[in-house]
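None of the figures in this text is laboratory data; all of them are computed from the coordinates on show. Since this is a predicted model, take the numbers as computed values, not measurements. Note that we place each Cβ from the backbone using ideal geometry, even for glycine, and neighbour counts take in every protein chain shown.
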Amino acid sequence: MQAQNSAPSKSGYTTVSPVQLAQIRVKNQQNAEKQAAQASNNSKRPHKVGNEPKLPFLGSSANVNGVLDATTTAVTANESCNLTVMTHRDNNSNIAICGTGAYIAAYSTNGGSTWDTTVTLFCDPNGTSGVRYPNGVIFNPAGNTNPTNAYDVMSGPYTNGLTNGDSWVETVYGSTTFGDANAHGMYWTNGKPGVLTQNNGDLSFMSSSDDSTVHVIGEGFHLDGSGNFTAWAGAVLTTGKFIGGIVDSLKWTQTLFRPHIVPDYAGFTRTSVFDSASAPLTVPGTAWSQDGKIGYVVIFANADSGSAPNTYDFDYFSDQPIVYKTTNSGVTWTMMPLENFATIPSLTSHLEASQDGTKTPLWFTFEVGGVASQGAVNSYDLTVDYQGNLHIFGVVVSSFFSNTDSSHTVSFFNNQDGYIYDVHTNSNGTWGARYIDSMTTLPCSNVGRGGLNSDWDSTSSTAFVGMGNRLQASRTTDGKHIFCTWEDDLTQSLPNQITSPDVLGQGYDVATGKASSVHQFTSTTNNYFLCVSDIVLTSVSNKDTTYTVPCTIAYPQQEGNDGAEAINYFYLGKVVYDDTLGSVASVPSVASQGFYISPNYPNPFSNITQFNIGLNNENMVSVDVFNLFGQKVYNVPAQQMSSGNHLMTINASGWSAGVYLYRVTVGDQSKTQKMVVQ
């Protein structure tokens, strides 16, 4: 108990401005993409399979940048056609045909056991230019059950291959059937009349609705004279409406969203309600109901609630979601009233008090220090349930300041890993929050930073590829069940580092308000860059329902990979829930060990918590509890236990609030889980 109190203090804090964050993010993204483009041009190797997971193989890409942002829609599914799809960049093996990349729609009609990778779009024979980091969703014509007649709709950036100035000159939008017919693509050039200039690599959150529309969102930016993206222009929502005819295709339109974002700091001066110096903290998001009538656009930023350029209120506005809503399929939009999220007890109950004793939540959607780790920045996701309510899944940390003078900046406690929340709208127009889990590893940790992981840290590289916790949201087609899936590292050798992440998740029944336990779906060392479907596949057998969340992982083709080399994709196929939202797919290593550990309950707790240990055979059992600094704070000495279930009780009276790990050792094997003391 004293060990937790003597751990390194969390009183230190880091402060950065949202404008600085946005500028760092854009600059790092441009540099990383240019470096990756150059590297991929030099790595025109055919596909090869190395030391990798024993999972179904579905394709490969020239580098990891195509799935660098967890906000990109890489994986999706459709129940009517029994389709599971991953849209990814080509692996450059057909460089003579499709230049340095094309979009591949890898699809499966048998639950991910085998994959077809023959569907190609945006094939460009130019050896240097070409498309890069795609989104992909399924548009299925009404009543169709034949997968070959459904469409893979794609979007992403196009590069001219130049290494100086602006190389990301166009955005592409297109579609083709899974029967490889009716291929149609459009190239929208930045700066052309009627085309909003976008920082193309930030296209994200693509989705498909039953009203024959797809949506994808990005960031509008101004270009300087050297071709560099500078001032943020707004969130750009692009909508594709399917138009039938001789050549079936989609008609694309754009809408710009520009809230008033506070720019009065770091030398910026307000000039108008739409000041060109303002900037968001992360990429904007969008989410839609299945019927396409209700939609949301979310922008994380600082905002003032004044109604005129000279009216400013900074009472509680810090890093928070600014939300637009439509109820008529995007014909009109309304910005929802700004919310003081610090007044929602269910959101702040786990947070550390700020300097003045209040609790102010910060959505951890940013990176600091200027390190080129774009993949660790955008750590949130959105979905809409059957009642039309928005769910924002994200990691929340504590603000160090909460006074009016600090709302211009992001100030957060050091060494705080944060908590996963589902922050949602309610049918009466209010906001609520649901606690999901605590994080063991910091969301913006970089794989390879400090040489902890050789797979993604080449000794010849000075720019590490960052991997966050890849937190992503999913829902059933009917919107009655929603799911959150992420990666975390429960066995890290150092605090705040992701070294061997495992896949975790939770399901939630919207109708009953019941959530499942947090399930650990893997126990391995080769999960990287998790991609999760936005749609969950539901199956019924003998009146038993199962929910499968399609997921893929990326794995390097060779050792010493820094992210710029070729990668392979594999279908995980283990994130499965039963009709009670219990876990169907047990962790392989745990199943083979012959013992089971239940999640502790209650969790979080302030005094007593309990959990079950189930043994297949008689064995020696011990329990150890550690704080996040690796210090042992509690121990149950090894004792002989018979087969069957054993209820264990831990009394944490007097412990400091925080996250703890309890490790159960049975014989020579062990399993670790988390508990939260409040």
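Please give the peptides 75-86, 604-615 ranked by average Cβ packing (other Cβ atoms within 10 Å per residue), highest first, as a rough proxy for protection. Before the final figure, lay out the partial values.
Details: 75-86: 23.2, 604-615: 15.9.
Final packing ranking: 75-86, 604-615.
Can you order the peptides 147-156, 430-439 by their average number of other Cβ atoms within 10 Å per residue, highest first? Display every interim value, and only then the final one.
Details: 147-156: 24.4, 430-439: 19.0.
Answer by packing, highest mean first, reads 147-156, 430-439.
Provide the FRET efficiency to the nearest 0.05 for the ASP291-GLN558 pair, computing r from the beta carbons and using R0 = 51 Å.
Efficiency, from the Cβ-Cβ distance: 0.65.
Okay, which of the range 524-541 sit inside 17 Å, backbone N to the point 7 Å along the Cα-Cβ direction of THR145?
Within reach of a label on THR145, which here means backbone N under 17 Å from a point 7 Å along Cα→Cβ, the range 524-541 contributes 538-541.
Exceeding 32 Å between C-alpha atoms, which entries from my cross-link table qualify? They are LYS241/LYS574; LYS359/LYS671; LYS574/LYS674; LYS54/LYS514; LYS54/LYS251.
LYS241/LYS574; LYS359/LYS671; LYS54/LYS514; LYS54/LYS251
How do THR512, THR238, THR360, THR545 rank when sorted from fewest to most other Cβ atoms within 10 Å of their own Cβ? Mind showing how you got there, number by number?
On the way: THR512 10, THR238 22, THR360 26, THR545 14.
Fewest-to-most Cβ neighbours within 10 Å comes out as THR512, THR545, THR238, THR360.
Taking 0.36 nm per residue of separation and subtracting the Cα-Cα distance, what length does fully extending ARG258 through LYS54 add? If you can, show how the numbers build up before the last one.
Working: separation 204, 0.36 × 204 = 73.44 nm, distance 4.67 nm.
Once the chain is fully extended between ARG258 and LYS54, it gains 68.8 nm.
Full extension from SER517 to ASN426: what is 0.36 nm times the residue separation minus their Cα-Cα distance, to one decimal in nm? Don't skip to the answer; put the middle values down first.
Values: separation 91, 0.36 × 91 = 32.76 nm, distance 2.28 nm.
Once the chain is fully extended between SER517 and ASN426, it gains 30.5 nm.
Arrange HIS222, HIS646 by Cβ neighbour counts within 10 Å, fewest through most, would you? List each step's numbers first, then the result.
Details: HIS222 12, HIS646 15.
The fewest-first ordering by Cβ neighbours comes to HIS222, HIS646.
Under a crude label model (7 Å from the Cα following the beta-carbon direction), how far is GLN669 from MET620 in nanometres?
Here the answer is 1.7 nm between the modelled labels.
Once you have the Cα-Cα distance between ASN612 and GLN640, take 0.36 nm times their residue separation minus that, and quote the gain in nm to one decimal.
Extra length from ASN612 to GLN640 when fully extended: 8.5 nm.
If r is the Cβ-Cβ distance from VAL540 to ASP211 and R0 is 22 Å, what FRET efficiency results, to the nearest 0.05?
It comes out at approximately 0.25.
Return the distance in nm (one decimal) between the two label points of a simple spin-label model at VAL195 and GLN678, each offset 7 Å from Cα along Cα→Cβ.
Computed distance between label sites VAL195 and GLN678 equals 5.1 nm.
Give, as a single signed number, the net charge of other residues whose beta carbon lies under 10 Å from the beta carbon of ASP211, with Lys and Arg counted +1 and Asp and Glu -1.
Within the 10 Å Cβ shell, the charges total 0.
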